[in-house]
Amino acid sequence: MSELTLERGLAALRAEIDAPTAAFFSSCVHCGLCAQACPFYLETGDPKYTPILKLEPLRRVWENEFTLWGRIKGLLGLQKKVTDEMLAEWEELVYDSCSLCGRCSVVCPVGNDLYAMIRKTREGMVQSGHAPEGLISASVRAITTGSPMGLQWKTLAVQIQHVESSSGLTVPVDREGAEYLVLLSSMEIINFPEYLEAITKIFDHAGISWTLSTQCFEATNAGIQIGNKDIAAELVERVVAAAETLRVSKVISPECGHAYTAIRWEGPNLIGRPYPFRVFHIIEVLDELRAAGRIKTEGKEDDRLSLHDPCNLARKSGVIQQQRNLMALVAENFVDLKEHGKYQWCCGAGGGVSSNERAEELKMAAFKRKKAQIEEVAPERMVTMCATCRTQLEEGLEAFNMEIPVVGLTEMIAEHLVERD
Amino acid sequence: MRKRSDKTLGESLRDHGLSRRGFLKLCAATASLMALPPSMAPAIAAALEQARRPSVIWLSFQECTGCTESLTRAHAPTLEDLILDFISLDYHHTLQAASGEAAEAARLQAMDENRGQYLVIVDGSIPGPDANPGFSTVAGHSNYSILMETVEHAAAVIAVGTCAAFGGLPQARPNPTGAMSVMDLVRDKPVINVPGCPPIPMVITGVIAHYLVFGRLPELDGYGRPLAFYGQSIHDRCYRRPFYDKGLFAESFDDEGAKQGWCLYRLGCKGPTTYNACATMKWNDGTSWPVEAGHPCLGCSEPQFWDAGGFYEPVSVPLTLGPATLLGAGAAGAVVGGGLAALSRKKGRDAAATRQPVTVDELEQKL
């Protein structure tokens with residue numbers, strides 16, 4: 001039986017090195033700005049969490065095997081080789097202290113995409129057997145049961161019953177030819193079932209045809225988080241198969257940051273072909289409906305609200321104005337965090353950090369940056385639109401004894417819909 | 001009677017009632033202006049005492065008159081000092097009282113009387129010899145023919161402003177008028193470039209003063225700019241430099257960093273690649289300068305600054321490397337790197353081809 005080894009890890013790193021990677025490594029000017037952009041470095045003050053350092057295994061493979069200088073060093077026996085011990089040591093840096101939020105990539109003055117390279121480094125870590133247990137179990141469960149939390153359709157079916165009895169509406173399931181296929185994350189099904197209810201209400205209100213699929217209801221992608229394209233591609237294939245079976249033209253990703261970037265941006269590259277449908281985040285769909293006048297709301301929240309932009313949505317996908325348009329619809333007293341949108345600070349839990357129990361302490365340390373931002377504008381409630389961010393905000397605020405409830409934007413919109421006669 | 005320009009500067013200054021003490025003060029100011037030690041002041045005094053006021057012909061071509069406007073705001077020496085005491089400004093469109101044929105006659109007379117001795121100062125770029133001459137004319141003559149006629153017997157040419165020195169705005173893509181710089185056209189005479197949009201007024205007068213004092217042109221850099229004024233980058237002399245060194249950058253024009261006076265690099269400051277004296281001499285008699293006013297340096301004293309990417313895009317490529325240098329370096333790099341790149345590509349392809357997919361069973365072994 002085959003197993004994961006150092007050789008396979010090195011081969012995977014080698015396979016990840018492409019022209020951009022080479023250009024990035026050779027253009028790094030060691031300015032250290034990425035450190036200043038990283039909550040894990042700033043809140044621990046430990047220089048080992050500097051983003052560029054997290055790339056050292058990948059950088060060494062590049063230098064040793066792809067550069068003239070590295071080869072000369074090799075001839076002289078001066079190469080610093082990547083060893084199994086090194087990968088073991090770097091496991092914490094690559095997984096525990098990086099949420100793949102990409103802030104380092106946007107601040108880099110020479111334009112190096114550090115986030116993309118950490119994603120690449122993870123490919124080598126998985127192949128050499130150095131991935132955190134939490135992410136390994138999540139990946140195994142995602143492949144074997146269809147959900148990283150081991151959730152099955154029957155659990156969702158129970159939630160659907162609750163939604164139907166409380167709203168009096170029908171949740172469409174396996175409806176062929178619907179316009180939208182709605183995907184969920186296990187976190188939403190278990191922790192935030194109000195999200196499904198909100199969608200049901202809003203889509204009924206706006207007269208949207210949509211459906212869930214029993215074939216595939218989960219779009220979170222543990223393969224992306226752990227950093228393995230084989231697992232990631234298989235999970236994407238399941239979504240594509242479900243969408244094709246139901247012949248939908250649009251797919252809505254869950255309110256889960258990495259699931260959105262996985263299905264929207266990485267998916268077609270992973271499976272090597274374009275989708276026969278388009279992918280949206282629910283916030284984009286809601287803002288389109290708002291612009292088309294298909295969402296009618298009444299009344300506004302009058303307490304002071306602020307917004308946390310999920311990094312996958314705002315920084316990596318440019319969905320920034322949409323959530324503000326929606327906030328304007330239902331909030332009277334909205335205040336932005338000082339750094340928001342493209343430059344917002346990560347909550348600290350994304351990129352698999354929250355699935356990795358060992359990283360708990362670091363995750364809370366990174367959250368202090370968000371906490372400081374929230375304290376600065378002192379809102380009465382926080383609003384967000386990513387299940388992982390929301391969980392992290394709730395846990396973090398509780399850990400620091402801050403009594404600021406966190407609400408989902410979709411649910412808030414649903415609460416303000418004009419009642420039908 | 002001797003011609004006005006035959007008088008020595010010493011005589012001329014005394015004629016204007018300048019005291020000995022006032023004269024030495026002026027020399028000290030001139031020394032400091034040219035970044036010379038104060039001990040040079042007596043030497044400057046001696047030189048100026050004997051210097052003859054040169055005839056200066058100022059030609060304005062495709063320009064906005066900003067450079068002349070800048071000159072009129074010179075403080076040490078002032079424009080009056082310069083015109084009345086240092087030079088004999090025999091022709092200048094904007095400043096001269098004469099008009100029409102009398103004005104052109106003044107130019108021809110100055111050229112005739114000071115053959116081989118006079119200075120030509122040019123501001124504005126020139127439609128080249130292959131361009132339609134009608135794009136810019138003076139008294140019915142094309143800029144190109146006036147320039148070539150005037151510089152033929154000149155001692156030296158000073159190109160004032162980025163348009164004259166490097167083509168400037170008229171030469172920005174797509175360069176509809178075929179604009180060229182003075183140094184593109186004048187090959188057989190010394191050409192000094194005093195770029196800037198506009199140049200710092202004291203830099204203009206300082207270059208002229210240097211010529212008067214030493215009787216020769218100042219030391220120049222690779223772009224023909226006097227090293228005394230263009231020897232250091234804005235970035236190296238910038239008072240915000242400590243923030244750059246600490247990694248403290250303003251992210252927008254109204255954020256906390258901007259209010260704290262942090263480095264403007266990320267807002268597009270071209271200071272690191274721009275050579276000029278703004279950071280030390282400042283503008284309006286040392287009142288302020290763009291970076292002190294909260295705006296990033298545009299790099300206005302550098303060649304092709306209009307086409308060098310957005311003013312608000314951070315520098316990533318050294319702008320002072322001309323296209324030829326970049327092409328040359330690129331070609332050399334391509335030759336050196338080509339073989340290695342081919343090998344690396346093969347290595348990458350082989351690695352991708354032999355990469356083993358990860359299975360769930362393999363992952364489970366690690367639990």
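Read-outs throughout are calculated quantities, based only on the coordinates presented, and are distinct from any laboratory measurement. Being a predicted model, the structure only gives us computed values, none of them experimental. Cβ atoms come from the backbone with ideal geometry, glycine included; neighbour counts cover every protein chain shown.
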Inset, instruction - As a check on your grasp of the helix formula, calculate [θ] at 222 nm for chain B: sum -39500 (n - 2.57) over DSSP H runs of n ≥ 4, divide by the residue count, round to the nearest 500. - result: -11000 deg cm²/dmol
Inset, instruction - Working from Cα positions, state the angle (0 to 90°, nearest 10) between the long axis of helix A:114-127 and the longest principal axis of chain A. - result: 70
Legend entry - Residues listed by number, the stretch B:177-198, amide nitrogen under 20 Å from B:Thr72 label point at 7 Å toward C-beta: B:196-198
Legend entry - B:Tyr312, B:Tyr144 arranged by Cβ crowding within 10 Å, fewest neighbours leading: B:Tyr312, B:Tyr144
Legend entry - Residue mean of other protein chain beta carbons inside 10 Å, B:348-357: 6
Inset, instruction - Assuming R0 = 30 Å, can you tell me the calculated FRET efficiency for the pair A:Ser27 and A:Ser2, based on Cβ-Cβ distance, to the nearest 0.05? - result: 0.20
Inset, instruction - Would you please put B:272-281, A:145-154 in order of how densely packed they are, using the mean number of other Cβ atoms within 10 angstrom per residue and starting with the highest? - result: B:272-281, A:145-154
Inset, instruction - List the longest stretch of chain A that has no exposed loop site; here a site is one of the GluC sites (Glu not before Pro) assigned by DSSP to anything other than H, G, I, E or B, with at most 11 other Cβ within 10 Å. - result: A:4-175
Legend entry - Low-density loop cleavage sites - trypsin sites (Lys or Arg not before Pro) in the stretch B:150-251, where at most 11 other Cβ are within 10 Å (DSSP): B:Arg187, B:Arg216
Inset, instruction - Write down the percent of antiparallel bridges among all DSSP beta bridges whose residues are both part of chain B, to the nearest 5. - result: 35
Inset, instruction - Along Cα→Cβ, 7 Å out, is where each label goes; now give me the distance between the ones at A:Glu361 and A:His162 in nm to one decimal. - result: 3.5
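How large is the direction-averaged shadow of the alpha-carbon convex hull of the stretch A:1-135, in nm²?
Seen from a random direction, the Cα hull of the stretch A:1-135 projects 8.7 nm² on average.
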Inset, instruction - Let me know the volume per residue of the alpha-carbon convex hull for the protein assembly as shown, in Å³. - result: 224
Inset, instruction - Mind giving me the nanometre distance, one decimal, between the label points for B:Gln356 and A:Trp265, set 7 Å out from Cα along Cα→Cβ? - result: 3.2
Legend entry - Residue-averaged 222 nm ellipticity for chain A, from DSSP H runs of 4+ at -39500 (n - 2.57), nearest 500: -15000 deg cm²/dmol
Inset, instruction - Go through chain B and flag any cysteine with no other cysteine's C-beta closer than 4.7 Å, please. - result: B:Cys27, B:Cys64, B:Cys67, B:Cys163, B:Cys238, B:Cys263, B:Cys269, B:Cys278, B:Cys297
Legend entry - Two-site label geometry, B:Arg115 and B:Ser19: point separation in nm, points 7 Å out along Cα→Cβ: 4.5
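Summarise the partner chain shielding of A:140-149 as one whole number: the mean count of Cβ atoms from other chains within 10 Å of each residue's Cβ. Don't skip to the end; give the middle numbers.
Values: counts 6, 1, 1, 3, 2, 0, 0, 0, 0, 0.
Partner-chain Cβ atoms within 10 Å, mean over residues of A:140-149: 1.
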Legend entry - 0 to 90° range, to nearest 10: angle between helix A:321-330 axis and chain A longest Cα axis: 30
Inset, instruction - Relative to the longest principal axis of the C-alpha atoms of chain B, give the angle of the C-alpha long axis of helix B:20-33, reported between 0 and 90° and rounded to the nearest 10°. - result: 20
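Which loop-located trypsin sites (Lys or Arg not before Pro) does the stretch A:321-406 contain, where loop means any DSSP state but H, G, I, E or B and the Cβ has at most 15 other Cβ atoms within 10 Å?
Working: sites: A:Arg324, A:Lys338, A:Lys342, A:Arg358, A:Lys363, A:Lys368, A:Arg369, A:Lys370, A:Lys371, A:Arg381, A:Arg390; in loops: A:Lys338.
Answer in residue order: A:Lys338.
Sort largest first and round to whole Å: the equivalent ellipsoid semi-axes of the stretch A:157-296, each the square root of five times a Cα gyration tensor eigenvalue.
Sorted largest first and rounded, they come to 24, 16, 14 Å.
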Legend entry - Interatomic Cα distance distribution for the stretch B:232-322, bins of 5 angstrom, percent: 3, 15, 27, 25, 19, 9, 1, 0
Inset, instruction - Classify the stretch B:53-226 as rounded, prolate or oblate, taking a ≥ b ≥ c as the square roots of the eigenvalues of its Cα gyration tensor: rounded when a/c is under 1.5, otherwise prolate if a/b is larger than b/c and oblate if not. - result: rounded
Inset, instruction - Would you mind checking the pairs A:Lys81/B:Lys366; A:Lys80/A:Lys316; A:Lys250/A:Lys338 and listing those with alpha carbons more than 28 angstrom apart? - result: A:Lys80/A:Lys316; A:Lys250/A:Lys338
Inset, instruction - Using a/c under 1.5 as the rounded threshold, could you call the stretch A:246-327 rounded, prolate or oblate? The axes a ≥ b ≥ c are square roots of the C-alpha gyration tensor eigenvalues, and prolate needs a/b larger than b/c, oblate otherwise. - result: oblate
